[in-house]
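Enquirer: Please read through the structure below; I'll follow up with questions.
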Amino acid sequence: MFDVDPFDATDDPLSRHRRPRGPRDAAAFHFTKLLRFFADAFFAGRYGHRAVVLETVAAVPGMVGGMLQHFRSLRRMEDDEGWIKTLLDEAENERMHLMTFVEIAQPNLFERLLVLLAQGVFFFGYGLIYLISPITAHRIVGYFEEEAVFSYTQYLQQIDDGKVENVPAPKIAIDYWKLLADARLRDVVIAVRADEAGHRDVNHALADAYLKEDRPAARKAVIDRIDEAARA
Ligand SMILES: [Fe+2]
Ligand SMILES: [Fe+2]
């Protein structure tokens, strides 16, 4: 698991926060908070639309990181310590979030245009950040995912308060997360939020592994996280 200082310590895996340490962390943290501000202003309480649009972006970093780790392994003729698969799995998992939420909310034309723009910016922008500073890149995703956990908690609250209808879960979600046949949106949001918490921990661990120049440590962190998720 990633380093947790006393300030960050919490028994609740949903409210885990990695306090920024150093300029790279601070940049990643404030960049995330800036994007959060715009996302809150744009989507307001429309969590279904928020999920659809943001999941299209969330599925980019894992693919870019996985690709760049693949090239790194080729260039250095060095084993990747399982990083490539971890990152590609993350991208696939995020894409499944999108496939699920698009069954629940249909993006409008403006949102579709936003997705096109965001994909271009994220592919090139995140790729560039990753090439310059992989630590910052993974830290950014770690902080994005902290926000994702928070947003899905808010979404859940809206469902529990009756402000969002607790519709039946889409079939694709029931199959993917092996939910009960009568599962509902609430169950889906809980499953997605657990995935986001996993991405958060893994990406913070990858950033830490770079920092400590201990790549195998990240493999252990990933395995620990999978074990923790299995116990939950
Ligand atoms: Fe997601
Ligand atoms: Fe995520």
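The values are calculated or read from the model by the stated rules, or taken from the named source; none is laboratory data. Since the structure is predicted, the reported quantities are computational estimates derived from the model, not experimental observations. Virtual Cβ from ideal backbone geometry, glycine too; neighbours counted across all protein chains shown.
Enquirer: For the subset of the range 125-180 comprising residues that are of a type in the set (A, V, I, L, M) and within 14 Å of ligand 1 (Cβ to nearest atom), which member is surrounded by the fewest Cβ atoms within 10 Å (Cβ to Cβ)?
Expert: Top of the filtered list is Val149.
Enquirer: Could you tell me which of the residues Val115, Val121 is in a helix (DSSP H, G or I) and either at positive phi or more than 16 Å from ligand 1 (Cβ to nearest atom) (or both)?
Expert: Result: Val121 is the single residue among Val115, Val121 that is in a helix (DSSP H, G or I) and either at positive phi or more than 16 Å from ligand 1 (Cβ to nearest atom) (or both).
Enquirer: Just name the residue that is farthest from ligand 1 (Cβ to nearest atom) out of those in the range 48-81 that are within 21 Å of the chain's Cα centre (by Cα) and of a type in the set (S, T, N, Q).
Expert: Per the stated criteria, the residue is Gln69.
Enquirer: Would you confirm whether or not the range 135-143 contains a residue that is under 19 Å from Asp40 (Cα atoms) and hydroxyl-bearing (Ser, Thr, Tyr)?
Expert: Yes, there is a match, as at least one residue in the range 135-143 is under 19 Å from Asp40 (Cα atoms) and hydroxyl-bearing (Ser, Thr, Tyr).
Enquirer: Within the range 93-110, is even one residue more than 16 Å from ligand 2 (Cβ to nearest atom) and closer than 18 Å to Arg200 by Cα?
Expert: For the range 93-110, residues more than 16 Å from ligand 2 (Cβ to nearest atom) and closer than 18 Å to Arg200 by Cα: absent.
Enquirer: Looking for whichever is in a helix (DSSP H, G or I), out of contact with any helix residue (DSSP H, G or I) (no Cβ under 8 Å at 6 or more places or on another chain) and modelled with pLDDT of 95 or more here; the options are Ile190, Ile174. Which one fits?
Expert: On the way: Ile190 fails: out of contact with any helix residue (DSSP H, G or I) (no Cβ under 8 Å at 6 or more places or on another chain).
Exactly one residue qualifies, and that residue is Ile174.
Enquirer: Could I ask something else about it? Does Leu211 satisfy the condition of being away from ligand 2 (no atom under 13 Å from the Cβ), under 22 Å from the mean Cα position of the chain (by Cα) and in contact (Cβ under 8 Å) with a residue 40 or more places away in the chain?
Expert: Answer is yes for this residue.
Enquirer: So if I check each of Arg24, Arg75, Arg95, which one is in a helix (DSSP H, G or I) and loosely packed, with under 12 Cβ neighbours inside 10 Å?
Expert: Result: Arg75 is the single residue among Arg24, Arg75, Arg95 that is in a helix (DSSP H, G or I) and loosely packed, with under 12 Cβ neighbours inside 10 Å.
Enquirer: One residue is enough: does the range 142-159 have a residue meeting the conditions more than 16 Å from ligand 2 (Cβ to nearest atom), under 25 Å from Thr86 (Cα atoms) and touching a Ser or Thr at 6+ places or on another chain (Cβ under 8 Å)?
Expert: No, that holds for no residue.
Enquirer: Next question. So Glu55 fits all but one of (1) within 16 Å of ligand 2 (Cβ to nearest atom); (2) touching a residue at least 60 places away in the same chain (Cβ under 8 Å); (3) assigned to a helix (DSSP H, G or I); what number is the exception?
Expert: Tallying (1) within 16 Å of ligand 2 (Cβ to nearest atom); (2) touching a residue at least 60 places away in the same chain (Cβ under 8 Å); (3) assigned to a helix (DSSP H, G or I), Glu55 fails exactly one: (2).
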